[in-house]
Every structure is written in C-alpha cells, then in structure tokens.
Amino acid sequence: MKQAIGFAIACWLSAAILLLGDSTAAMALSGTLVLAGLDLFAP
C-alpha cells in the first residue's frame, strides 16, 4: 500500500511541476520524476 501511495504522490508532484513550470526543463524534470517513482515504488 505504501508503494502505491508513493507512486501516486510522485505522479501528482510531476504533474504539478509540469503545470506550474511551462518549459522544456519542467517537462524533462516531470518525466524523470515519474520514471524514478515508477522504478522506486514498483512492486
């Protein structure tokens, strides 16, 4: 359960970064954060 919550938080955080920072760097950062969350919190 903790893994699913951590992954959801990582996804929402990356979406917030993508919405607030409208640039290529923000897109790269949010993508990296999602992939890191997927790798760290995978079952």
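List of remarks:
- Flag for L33 being assigned to a helix (DSSP H, G or I), surrounded by 12 or more Cβ atoms within 10 Å (Cβ to Cβ) and more than 8 Å from the chain's Cα centre (by Cα): no
- Figure legend. Inter-residue proximity from segment 11-31: first residues modelled with pLDDT of 75 or more, second residues not in a helix (DSSP H, G or I), beta-carbon distance below 8 Å, spacing 6+ or different chains. Indicated pairs: L29/G21.
- Residues satisfying the stated conditions in segment 16-30, i.e. touching a helix residue (DSSP H, G or I) at 6+ places or on another chain (Cβ under 9 Å) and in a loop (DSSP other than H, G, I, E, B): G21
- Meets criteria (surrounded by 11 or more Cβ atoms within 10 Å (Cβ to Cβ), in contact (Cβ under 8 Å) with a residue 24 or more places away in the chain and assigned to a helix (DSSP H, G or I)) for L38: yes
- In segment 1-15, the residue that is farthest from the chain's Cα centre (by Cα) out of those that are part of a helix (DSSP H, G or I) and surrounded by fewer than 13 Cβ atoms within 10 Å (Cβ to Cβ) is K2.
The values are calculated or read from the model by the stated rules, or taken from the named source; none is laboratory data. Just so we're clear, the structure is a prediction, and the values are computed from it rather than from any experiment. Every residue, glycine among them, receives a Cβ derived from its backbone with ideal geometry; neighbour counts consider all protein chains shown.
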